[in-house]
Amino acid sequence: MRNTARWAATLGLTATAVCGPLTGAALAEPAVASGLYAPSALVLTLGHGDSAATVTPERAVTLTCAPTSSGTHPAATVACAELRAVQGDFDALGARSGALCTREYNPVVVTVDGVWRGKRVSYERTFANECVKSSYGTSVFAF
């Protein structure tokens, strides 16, 4: 009986020594994205006010651009194509030519948070009014 208990204890310690590295710190490391593409998934919000810190979001949509365009954004395919054309630089999205807007000041804040091609993205922009917002990035900010 003593040998069985000693054998069980030895087996338990050996299993802990062999399998121990497979738990704890080894599992705590972040998972590396596997696949043929870097992830591109964004959450876009919209609210009326001067800054994202003081605005309550009125609308929010999701936009996933890899591996295919999807999400709750009403024009996901076109919005992803526009973002790919500017390499995900939201400031590079230009205004449509010929857009005529009033000078009314009723600020609209758009925020974007998420990942674009594997890199963290956080963007905020305040437009003078809804018309000005709609004239930029013809599809990206149209939600």
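The values are calculated or read from the model by the stated rules, or taken from the named source; none is laboratory data. Just so we're clear, the structure is a prediction, and the values are computed from it rather than from any experiment. Cβ placement follows ideal geometry from the backbone for every residue including glycine, while neighbour counts extend to all protein chains displayed. To get the accessible areas, we keep the full protein, side chains included, count just its heavy atoms, and leave off ligands, DNA and RNA. Shrake-Rupley method; radii C 1.70, N 1.55, O 1.52, S 1.80 Å.
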Heavy-atom accessible area order for V55, V115, V78, largest first, 1.4 Å probe: V78, V115, V55
Could you check the simple spin-label distance between A92 and R59, using points 7 Å along Cα→Cβ, in nm with one decimal? 2.6
